[in-house]
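Values in this text are rule-based calculations from the coordinates and carry no lab data. Being a predicted model, the structure only gives us computed values, none of them experimental. Cβ sites come from the backbone with ideal geometry, for glycine too, and all protein chains shown count toward neighbours.
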Amino acid sequence: MSNQTLNDMSSSSSSSSGVRSLSEISEKDTVHLSVDLVSAARRNIGFLRSVNECHWLHQRATIVEAIRRYEEVWMPLISDLTVVGSTPPMVLPPFDVEWVWFCHTLNPVAYRKYCESRFSKLIGKPAIFNEENEEYALMRCREIWVQRHEFEPFENEVESDSQDPPGINQDLFNQVKEHKFLYSKFSEPYFCELVYLIAARQRYRGFLYMMQRFGDGCLRFVPALDIVLMLLTHQSYPTVYVEDLKDKWDDMGKVVGLWETVKEKEVEESKNLWERTFDQPYEKAGGGLAVELDNLKAKRPIYWEVSDVDVNTKYKSMIPRFLLEVCVFVRLNDRTKVSNGDTKHKFLRLRAVRCHRELKLDELISNFSYDSWRKAWHLYCEFGTRGLMVELRGRGGRCFKGSKSLDSMPFYWNDLLRAPSITLSRKVDQVRIVASITPPVQAPYLLKCVPDRVTDDSGAMISDVILKLNNYRPQKGRWLSRTVLDHAGRECFVVRIRVGGGFWRRGAETPSAVNWEDRIIEIREGSWSYVAGSIGRAPVQRKW
């Protein structure tokens with residue numbers, strides 16, 4: 001679609017109803033979502049994590065057997081239990097069959113044809129988001145399975161070296177193989193946060209609204225990652241998806257698939273449509289492009305490990321570290337308001353509200369456009385920084401050097417978390433700035449080890465201060481000591497290595513070296529107990 005067409009569509013829509021705010025879009029403007037997409041998405045992410053961790057499930061023999069069980073046992077079983085027009089029965093298949101079922105539903109057209117050709121009706125999936133209900137549904141399925149198929153084991157017991165049976169459903173096999181790494185798209189821990197999922201559902205509504213208004217003029221729609229999560233979740237409940245989008249079935253076929261590669265022009269068309277519809281940048285923190293551009297794979301800027309176990313429950317001296325992703329977009333207000341002279345001598349500076357005072361990231365005003373939003377900064381910040389400050393500065397300060405602040409726009413994390421779609425907009429004379437974040441989640445601990453004073457057997461530092469406090473009794477033993485600091489510079493542990501024995505007297509005896517097999521490595525939890533300045537004692541040894 002050409003830019004002229006986009007401009008015509010924008011002008012016609014603005015003249016009739018004006019630009020809509022994303023937070024104003026309701027079900028009346030788009031479709032009624034008949035399933036709780038927030039709860040369903042959390043359940044799907046947990047399911048995909050389990051699939052990702054089950055390596056046996058991705059073996060060819062296992063997949064082939066799972067497809068056979070899905071087609072020959074599960075689908076006829078669930079079809080017999082399904083009554084047209086009623087809610088799907090509360091049963092869930094074995095894990096391997098559920099994975100095949102999930103992959104099959106992500107191709108709505110093929111799944112619908114499959115169900116109608118075999119069973120003359122569309123087979124739906126029950127909305128089960130509670131662990132107790134899920135366990136009940138699985139147990140009920142096992143009972144029915146055993147009754148109807150006495151000689152068909154409920155679990156997949158195929159051998160890894162088994163040969164493929166004749167007549168394998170190759171299309172379904174390819175679909176399952178294609179989604180093998182689906183969890184990698186949604187593995188960051190913030191995807192399961194409630195505030196993120198609520199914002200993603202609202203953006204999904206906005207995406208449907210955009211397609212409803214401009215679907216006739218666009219050939220392909222490229223979804224952002226948070227929108228893809230909601231779309232896949234919606235598709236995984238087939239009867240709900242078909243009923244909700246029955247009037248938009250043709251438009252949904254224009255949405256680019258998750259594993260497809262697209263051209264940059266197609267991405268720009270989707271971005272421009274979104275900006276003209278909502279006057280906001282299309283991308284956001286945690287909502288970048290879900291597809292690859294011309295076979296160029298995007299690399300993650302940070303490794304974000306997910307763990308269900310927090311070591312802080314064992315080591316109280318380690319304070320959790322919370323991290324969030326931040327995207328800041330900038331757009332000039334009006335072409336007529338800013339002259340070339342203004343933009344040449346003015347720039348934006350990004351700083352942290354708290355800590356990291358040396359952080360100063362500058363962007364010239366002339367780098368930004370009147371026509372579209374541009375991503376100025378993409379950062380990962382600690383929640384303890386409280387927020388970001390964007391300053392509008394002008395060249396020339398004292399003695400015509402440096403720069404001076406003309407205005408400032410704060411973006412506090414707490415304000416962003418309460419804002420619609422976790423996004424805030426600020427406006428200053430010449431520019432508009434939009435910042436978006438992901439919910440803060442616990443990140444890997446960041447520790448560093450720094451050398452400290454040598455200590456004695458009791459843990460006290462070797463010093464005249466300690467010697468005086470001990471009534472000039474010599475300090476016995478010598479231990480190399482290191483202090484472990486966390487991300488905020490707080491002392492967490494003291495690590496000591498015994499390297500010498502005996503007493504130290506000035507000008508007399510020297511400590512004797514300890515044999516390698518007699519060396520001791522000791523870790524003490526906590527911080528130093530300082531008695532004078534930087535002189536102190538190591539924390540008391542903890543008994544395990």
Once you sort the root eigenvalues of the Cα gyration tensor of the range 176-287 as a ≥ b ≥ c, which label holds: rounded (a/c under 1.5), prolate (a/b larger than b/c) or oblate (the other case)? rounded
Farthest towards the positive end of the dipole of the range 318-443, among 394, 413, 330 and with Cβ unit charges of +1 on Lys and Arg and -1 on Asp and Glu, lies the Cα of 394
Candidate values (i) 98, 78, 36; (ii) 72, 55, 43; (iii) 144, 57, 48, label of the one derived for Cα extents along the principal axes in Å: (i)
Set the Förster distance to 35 Å, then compute FRET efficiency between residue 491 and residue 53 from the Cβ-Cβ distance, nearest 0.05. 0.45
What ranking do 36, 362 get, fewest neighbouring Cβ atoms within 10 angstrom at the top? 362, 36
As a test of the formula, what do you get for the chain when each DSSP H run with n ≥ 4 contributes -39,500 (n - 2.57) and the sum is divided by the residue count, at 222 nm and rounded to the nearest 500 deg cm²/dmol? -9500 deg cm²/dmol
Under 15 Å from the Cα of residue 468 - aspartates and glutamates, other chains or at least 8 residues apart: 456
Using a Debye calculation, one point per C-alpha and no hydration shell, please list log10 I(q)/I(0) for the range 215-265 at q = 0.13, 0.14, 0.17, 0.19 Å⁻¹ in order. -0.33, -0.38, -0.56, -0.70
Roughly how large, in nm² to one decimal, is the mean projection of the convex hull of the alpha-carbon atoms in the range 21-261? 13.9
Give the long-range amide H neighbours of residue 443: residues separated by 5 or more places, or on another chain, with amide H under 5 Å away, using H modelled in the peptide plane at 1.01 Å from N. 321, 322, 323
Helix 60-69 against the longest principal axis of the chain: what's the angle in degrees, Cα atoms only, rounded to the nearest 10? 40
Note, ³J(HN,Hα) from phi for the range 137-142, Karplus 6.51, -1.76, 1.60, rounded to Hz, x at Gly and Pro: 5, 6, 5, 5, 5, 4
Computed over the range 318-443, Cα set: Rg, Dmax in Å: 15.4, 54
As a test, work out the antiparallel percent of DSSP beta bridges whose residues both lie in the chain, rounded to the nearest 5. 95
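Please report, largest first and rounded to whole Å, the three semi-axes of the ellipsoid equivalent to the range 32-124, where each semi-axis is the square root of five times an eigenvalue of the C-alpha gyration tensor. Could you put the intermediate results ahead of the total?
Values: eigenvalues 97, 71, 27 Å².
The answer is 22, 19, 12 Å, longest axis first.
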Which FRET efficiency, nearest 0.05, do residue 113 and residue 403 yield, Cβ-Cβ r, R0 56 Å? 0.30
Given the C-alpha centroids of the range 56-90 and the range 244-260, what is the distance between them in whole angstrom? 25
Under a 5 Å amide H to amide H cut-off, with H placed in plane at 1.01 Å, what residues pair with residue 406 once short-range neighbours are removed? 392, 393, 394
Which residues' amide hydrogens lie under 5 Å from the amide hydrogen of residue 361, considering only partners 5 or more residues apart or on another chain, with H built in the peptide plane? 350
